[in-house]
Amino acid sequence: MARISVEVDGIAYEDEVEPRLLLVHYLRDRLGKTGTPIGCDTTNCGACTVLLDGRSVKSCSVLAVQVDGCDITTIEGVSSDGVWHPVQKAFHEEHALQCGYCTPGMVLASIDLLKDDPDPSEEAVRQGLEGNLCRCTGYCNIVRAVRRAAQEMRVTTP
Amino acid sequence: MIPASFDYFRPSTLDEALEVFAGAGEEAKVLAGGQSLLPLLRLRLAYPTAMVDVGRVAELRGVADRGDHVHIGATTTHDEVVRSPIVREHCPLVALATATVADPAVRHRGTFGGSLAHADPAGDLPAVALALDMVFVVRSSTGDRTIPAADFFLDYLESALQPGEILTGVRVPKLGPGWGFHYEKFHRTAQAWATVGVAAAVRQTNGTVEEVRVGLTNMGPTPVRAAGVEAAARGVEAGRNGSLRQAAEQAAEGTDPPADLHAQPDYRKHLARVLTHRALVSASAHRSPQT
Ligand SMILES: Cc1cc2nc3c(=O)[nH]c(=O)nc-3n(C[C@H](O)[C@H](O)[C@H](O)COP(=O)(O)OP(=O)(O)OC[C@H]3O[C@@H](n4cnc5c(N)ncnc54)[C@H](O)[C@@H]3O)c2cc1C
Ligand code: FES
Ligand code: FES
């Protein structure tokens with residue numbers, strides 16, 4: 001067993017974990033943060049995407065021991081005081097989800113993408129989300145939502 | 001699936017890493033970004049008994065300009081490589097190829113050295129390492145040695161690294177003025193591995209090709225240097241209408257491409273010829289204004 005301390009969605013945790021415990025299992029099974037789903041066994045789908053020290057990673061392919069001392073943001077930590085993040089709001093308004101399974105990963109990957117490129121072209125959104133698969137929407141509304149969120153974020157944070 | 005159990009070590013210096021690695025037994029593995037290793041563990045295709053996580057060894061990370069070459073530390077992430085102004089200026093082919101690796105989340109974790117040490121012929125960086133004659137810097141508890149790229153890739157997923165050796169970094173020679181670069185990758189879906197990839201560097205003077213380097217991805221159990229193309233392209237006219245097409249016809253010579261769901265060997269050979277032509281034309285058009 002190894003001892004880790006990690007901050008998840010603004011709360012500090014200290015835990016004993018087995019080295020083989022995957023970050024996504026730590027989040028879901030240990031912390032009860034089931035907002036982060038598991039969609040594949042091959043690191044392809046991106047459903048499990050979280051932010052590790054601010055950058056997107058696939059939490060199914062990171063060990064919990066590797067994030068000792070780090071800061072994690074899951075979908076459960078992106079709203080503040082009950083107010084949705086602009087990306088969440090735009091996904092809702094543009095109907096960017098159907099079953100919703102890919103959505104937590106899509107939202108976090110989009111937040112990461114918008115940090116680098118506050119005004120992404122359609123092509124840039126498609127490139128930026130290439131690691132996130134959606135089996136329902138056909139992506140068009142997702143692209144629209146990300147660009148709408150970008151616009152809103154540019155207005156609200158000048 | 002849940003990976004099988006292993007012992008985990010997280011050294012903070014290279015000396016400590018070498019010591020731990022030397023004592024951790026034959027089935028121990030270095031863990032860098034984990035973007036090849038952890039998927040294998042999850043599928044229970046690999047069973048290391050111990051993992052030596054080098055992710056926090058500061059000496060292994062970062063890009064440095066060393067005069068005649070650029071040194072890229074083994075644990076520099078793909079994302080850091082793509083963003084590095086030194087890499088973009090002095091070895092743009094590395095930046096171009098790395099930007100096509102996987103997807104942003106994988107590039108945030110996966111490392112330059114891990115991609116090379118993994119020695120996957122379908123990986124994009126081994127062919128670039130061959131084409132640019134990179135030199136691998138390796139350390140073990142008994143000392144340092146360097147391995148030229150041409151001697152590093154031995155077989156499918158097999159490199160020249162010996163038990164107990166850690167790849168510390170890679171030297172990328174600067175090619176000097178007059179070179180243009182391109183990485184041409186053919187794949188079926190956005191984040192997929194290359195069905196075939198071509199790394200090309202072209203040096204020209206006044207529209208005449210002086211020198212060409214070509215590395216091929218996924219055309220055999222190791223990355224391949226297309227020596228036939230390199231010889232045939234010397235002295236020909238650059239650009240789409242010149243004789244680069246005839247030179248590119250040599251691309252499949254001496255290759256032994258795999259058969260899988262995505263392509264049979266004959267189709268891969270066809271792709272190698274077509275993509276090599278595209279890569280040479282683009283490389284000669286995109287000459288960098290280097291000094
Ligand atoms: C969905 C997905 C898509 C991908 N697509 C591509 C692609 O299109 N093109 C591509 O090139 N790659 C692709 N990759 C692989 C990716 O580039 C990995 O980052 C890379 O192959 C391994 O780097 P790593 O740092 O994660 O290595 P790890 O997984 O940590 O290690 C890989 C191997 O190298 C050894 N190793 C690592 N570092 C060292 C070192 N310093 N010294 C000695 N041994 C070492 C390890 O022991 C292990 O055997 C993809 C991966 C995923 C998950
Ligand atoms: S669960 Fe599919 S990438 Fe993590
Ligand atoms: S909404 Fe169903 S997978 Fe994307």
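Per residue of the range B:239-250, in order, report the coupling 6.51 cos²θ - 1.76 cosθ + 1.60 (Karplus, θ = phi - 60°) as ³J(HN,Hα) in whole Hz, putting x for Gly and Pro.
Residue by residue, the range B:239-250 yields x, 4, 8, x, 8, 4, 5, 5, 4, 5, 4, 7 Hz.
On a 1.4 Å probe surface of the protein chains, which of B:ARG66, B:ARG145, B:ARG42 comes out largest in accessible area, and what is the full order?
Listed by decreasing accessible area, they come as B:ARG66, B:ARG145, B:ARG42.
Over the Cα atoms of chain A, how large are the radius of gyration and the largest Cα-Cα distance (Dmax), in Å?
15.5, 48
Can you tell me the 0 to 90 degree angle between the C-alpha axis of helix B:14-23 and the longest principal axis of chain B, rounded to 10?
Between the helix axis and the principal axis of chain B, the angle is about 70 degrees.
Heavy-atom accessible area of B:LYS174 with all protein chains present, probe 1.4 Å, nearest 10 Å²?
Solvent-accessible area, nearest 10 Å²: 60 Å².
Residue farthest toward the positive end of the dipole of the protein assembly as shown, with Cβ of Lys/Arg at +1 and Asp/Glu at -1: which of B:GLY33, B:THR142, B:VAL128?
Of the listed residues, the answer is B:VAL128.
With a/c under 1.5 counting as rounded, go ahead and sort the range B:154-291 into rounded, prolate or oblate using the C-alpha gyration tensor (a ≥ b ≥ c being the square roots of the eigenvalues; past the cut-off, prolate if a/b is larger than b/c, else oblate).
oblate
Run the numbers for B:GLU26 and B:THR146: contour at 0.36 nm per residue of separation, minus the present Cα-Cα distance, in nm.
40.9 nm
R0 = 22 Å: FRET efficiency of A:ASP53 with A:TYR13, Cβ-based, nearest 0.05?
FRET efficiency, A:ASP53 to A:TYR13: 0.90.
With a 1.4 Å probe and all protein chains kept in place, how do B:MET134, B:MET1 rank by accessible area, largest first?
Most to least solvent-accessible, the answer reads B:MET1, B:MET134.
Could you give the dipole magnitude of chain B about its Cα centre, charging the beta-carbon of Lys and Arg +1 and that of Asp and Glu -1, in debye to the nearest 20?
Result for chain B is approximately 920 debye, rounded to the nearest 20.
Could you work out how far apart the two model spin labels at A:GLN151 and A:VAL83 are, taking each label as a point 7 Å from the Cα in the direction of the beta carbon, and quote it in nm?
Here the modelled spin labels are 2.1 nm apart.
Which residues of the range A:16-36 end up with at least 20 Å² less accessible area in the presence of all protein chains than when their chain stands alone, using a 1.4 Å probe?
Those residues are A:PRO19, A:ARG20, A:LEU22, A:HIS25.
Any chance you could look up the accessible area of A:SER110 with a 1.4 Å probe, heavy atoms only, rounded to 10 Å²?
Spelled out: A:SER110, probe radius 1.4 Å, area about 0 Å².
Rounded, prolate or oblate: pick one for the range B:53-135, where a ≥ b ≥ c are the square roots of the eigenvalues of its C-alpha gyration tensor, a/c under 1.5 means rounded, and failing that, prolate if a/b is larger than b/c, else oblate.
rounded
Using DSSP to define loop residues, name the chymotrypsin sites (Phe, Trp or Tyr not before Pro) in the range A:72-158 whose beta-carbon has at most 15 other beta-carbon atoms within 10 Å.
Passing both the DSSP loop test and the Cβ count: A:TRP84.
Bin width 10 Å, alpha-carbon pairs only: give the P(r) of the protein assembly as shown as whole percents, running from 0 to the bin holding the largest distance.
4, 20, 28, 26, 16, 5, 0
May I ask which residue of A:ALA145, A:GLY131, A:LEU114 lies farthest towards the positive end of the charge dipole of the range A:86-156, with charges of +1 (Lys, Arg) and -1 (Asp, Glu) on Cβ and the Cα centre as origin?
Final value for the positive-end residue is A:ALA145.
What does the accessible area of A:HIS95 come to, in Å² to the nearest 10, when a probe of 1.4 Å is used?
My reading of the accessible area for A:HIS95 is about 130 Å².
Take chain B, compute every pairwise Cα distance, and split them into 5 Å bins from 0; I just need the percent in each bin.
Going from the shortest bin to the longest, the percentages are 1, 6, 12, 17, 18, 16, 13, 8, 5, 3, 1, 0, 0.
How far, in nm, would the chain grow between B:THR189 and B:HIS270 when pulled straight, counting 0.36 nm per residue and subtracting the alpha carbon separation?
My answer for the length gained is 27.2 nm.
Let's see if you can work this out: charge +1 on each Lys and Arg Cβ, -1 on each Asp and Glu Cβ, no other charges. What is the dipole magnitude of the range B:11-161 about its Cα centre, in debye to the nearest 20?
Value, rounded to 20: 420 debye.
Using Cα centres only, tell me the gap between the range B:228-255 and the range B:40-99 in whole Å.
32
Using only the alpha-carbon atoms of the range B:7-53 as identical scatterers, what base-10 log of I(q)/I(0) does the Debye formula give at q = 0.21, 0.29 Å⁻¹?
-0.67, -1.07
Residues of A:51-64, mean number of Cβ from any other protein chain within 10 Å of their own Cβ, rounded to a whole number?
Per-residue shielding by partner chains comes out at 5.
Ranked from highest to lowest mean number of other Cβ atoms within 10 Å per residue, what is the order of the peptides B:192-204, B:269-281, B:176-188?
Averaged packing, sorted descending, gives the order B:192-204, B:269-281, B:176-188.
Going 7 Å from the Cα of B:LEU14 in the Cα-to-Cβ direction, what parts of the range B:36-68 have a backbone nitrogen less than 15 Å from that spot?
B:54-66
Tilt of helix A:103-116 relative to the longest C-alpha principal axis of chain A, in degrees (0 to 90, nearest 10)?
70
Calculate the length of the line joining the C-alpha centroid of the range B:268-282 to that of the range A:80-119, in whole Å.
For the range B:268-282 versus the range A:80-119, the Cα centre distance is 39 Å.
Hey, what's the Kirkwood Rh for the range B:192-232 if you take every pair of different alpha carbons, in angstrom?
Its Kirkwood hydrodynamic radius stands at 11.3 Å.
Over the range A:2-77, one equal point on each Cα, no solvent: what is log10 I(q)/I(0) by the Debye formula at q = 0.23 Å⁻¹?
Reported log10 I(q)/I(0), two decimals: -1.04.
How shielded is B:37-49 by partner chains, expressed as the average number of their Cβ atoms within 10 Å of its Cβ atoms?
3
Heavy atoms only, 1.4 Å probe, whole protein assembly: order A:TYR13, B:TYR267 by accessible area, highest first.
B:TYR267, A:TYR13
In debye to the nearest 20, how big a dipole does the protein assembly as shown give about its Cα centre with +1 on each Lys and Arg Cβ and -1 on each Asp and Glu Cβ?
Value, rounded to 20: 1180 debye.
The values are calculated or read from the model by the stated rules, or taken from the named source; none is laboratory data. Note that the coordinates shown come from a computational prediction; the quantities given were computed from them, not determined experimentally. Counting neighbours? That spans all protein chains shown, and the Cβs are built from the backbone with ideal geometry, glycine included. Remember, those area values only see protein heavy atoms, side chains included, never the ligands or the DNA or RNA. Shrake-Rupley method; radii C 1.70, N 1.55, O 1.52, S 1.80 Å.
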